[in-house]
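Structure first, commentary second.
Readers should treat all values here as calculations from the given coordinates under stated rules, not as data from a laboratory. Everything numeric in this text was worked out from a predicted model, so none of it was measured. Every residue, glycine among them, receives a Cβ derived from its backbone with ideal geometry; neighbour counts consider all protein chains shown.
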Amino acid sequence: MAETPNLIRPVCLGAVALAGNLVLAPMHEHTHLVLRRLARRCGAALAHTEMVTPEDLLAGPSEEELRKHPPPGHDPASGEMPAGTLSYKARNILASMAGDRPLAVQLLPREPGSLAQAVTLLASRGAADLVDLNFACPSERVVKCGRGGAMLRRPATALRLVEAAVGASRLPVTLKMRIGFTDTASARARALDIAREAAAVGIAGLTLHARTVGQGYSGKAAWPEIARWAEALAPLPLFGSGDLRSPEAVVAMLRETRAAGASIARGALGSPWIFRQVIELATTGRYEPVTLRERRNTILEEFDGLAQQYGETVAVRFMRLFGKYYAHGLPKASAIRAAFQEARTAAALRETVERWFGEGQ
Ligand SMILES: Cc1cc2nc3c(=O)[nH]c(=O)nc-3n(C[C@H](O)[C@H](O)[C@H](O)COP(=O)(O)O)c2cc1C
């Protein structure tokens, strides 16, 4: 492959200067602090939290949560707790640490009032460098309650949301969109119109998942739409998303579309080194395959990070899912997936890791 060094370059999203243009995409129940940390170490220039509704961010802990997951400073006798205490869910989504920057918190709004309050909360806590609005989620539950991809059918509401977010603080606001609600010329034109108007309101960037809402995650991502939107919205930085499952795919998308950057989702699950490999491939024409040792160490690091944040029991539950991703591309992948699925304890999980990824494999 020919050298194409300028595919990897810095990007500015409003006042936030990214050192590069490879981004860890938002992924529900996946983009935990530890995955963000791993992705950044491998070269992700920006990472997103998973989506959260403004209402969930603002709600505070429920009675049940106070019993199960008492927040710091909560006095069980009086029920008192510090003003602004977040729910368990919100605390985990916003959990961060030194080095976990720049961080984009993704909101899944429905109406401008709560959105503006949530953006104000993020700004006043210093919890985000960017606010990303999700106008893309295809989940039936989400769309039915008028959020996510539903916005592509409601341009007026979508624009009111953008105005509310942009006006609420100095945090730059970005959008996550799809190419249309359905695959018709008018649905596609409406989606691009929303993006154009949002750019006029002052968004700092946009990520385009090159599928329609109706497609969900099936079918092929339409990269030519990324090229079309990037040109139509220039100079707004546009990040391409969809089918970026290998270093070759990311480099091909960047080359074919001239997008400002790439938003990597499933390609980073069980392979945070994809960021490093994309940079190597784009700058030298080749990349080093990952070693089994790095896979082993990374799985254990992901498990330990999750255990630190959520406790060991919950971490095991997460790793039964996440561990499977690390089998990708290995000859015994299906046996490895089954072994992770069966692990019920931290000891069993560690044993699975050593058995399949340890010395002697
Ligand atoms: C498990 C999972 C969860 C996701 N959650 C979100 C989310 O919270 N917000 C969002 O904007 N996109 C979400 N996405 C979509 C991804 O960010 C990305 O746009 C999509 O997966 C296409 O990229 P890919 O084909 O390279 O995976 C999710 C995708 C997956 C696979």
Cα gyration tensor of the stretch 114-217 - equivalent ellipsoid semi-axes, whole Å, descending: 24, 14, 11
Theoretical FRET efficiency, 1/(1+(r/R0)^6), r = Cβ-Cβ of ARG317 and GLU197, R0 51 Å, to 0.05: 0.75
Spacing of the two label points (7 Å from each Cα toward its C-beta) at LYS220 and GLU80, in nm: 6.4
When the convex hull of its Cα atoms is projected in every direction, mean area for the stretch 292-357 (nm²): 3.6
Whole-number D in µm²/s for the stretch 1-152 (Stokes-Einstein; Kirkwood sum over Cα pairs; 10 °C, 1.306 mPa s): 94
In the stretch 196-237, trypsin sites (Lys or Arg not before Pro) in a DSSP loop with at most 11 other beta-carbon atoms within 10 Å: LYS220
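List the chymotrypsin sites (Phe, Trp or Tyr not before Pro) within the stretch 118-221 that fall in a DSSP loop (any state other than H, G, I, E or B) and whose Cβ has at most 16 other Cβ atoms within 10 Å. Write out the running numbers ahead of the final one.
Details: sites: PHE135, PHE181, TYR217; in loops: PHE181, TYR217.
Qualifying residues, ordered by number: TYR217.
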Counted charge near GLY99, where neighbours are those whose Cβ lies closer than 15 Å (Asp, Glu -1; Lys, Arg +1): +2
Where GluC sites (Glu not before Pro) in DSSP loops with at most 14 other Cβ within 10 Å are excluded, longest remaining stretch of the chain: 81-358
In the stretch 263-337, the trypsin sites (Lys or Arg not before Pro) that fall in loop regions by DSSP, at most 15 other Cβ within 10 Å: ARG286, LYS332
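Taking a threshold of 31 Å on the Cα-Cα distance, which of the pairs LYS89/LYS332; LYS176/LYS332; LYS68/LYS220; LYS89/LYS220; LYS89/LYS176 fall above it? Spell out each step's value before the answer.
Details: LYS89/LYS332 36 Å; LYS176/LYS332 36 Å; LYS68/LYS220 43 Å; LYS89/LYS220 33 Å; LYS89/LYS176 22 Å.
Table pairs above 31 Å Cα-Cα are LYS89/LYS332; LYS176/LYS332; LYS68/LYS220; LYS89/LYS220.
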Separation of the GLU342 and ALA17 label points, Cα + 7 Å toward Cβ, nm: 5.4
Percent antiparallel among DSSP beta bridges (both partners in the chain, rounded to 5): 10
Extension gain, SER186 back to GLU359 (0.36 nm per residue minus Cα-Cα distance, nm): 56.6 nm
Net charge of Cβ neighbours under 15 Å - reference GLY146; Lys, Arg +1; Asp, Glu -1: +4
Compactness of the stretch 178-301, expressed as Rg and Dmax over alpha-carbon positions, Å: 16.2, 51
Reduced Cα scattering model of the chain, Debye log10 I(q)/I(0), q = 0.08, 0.12 Å⁻¹: -0.40, -0.91
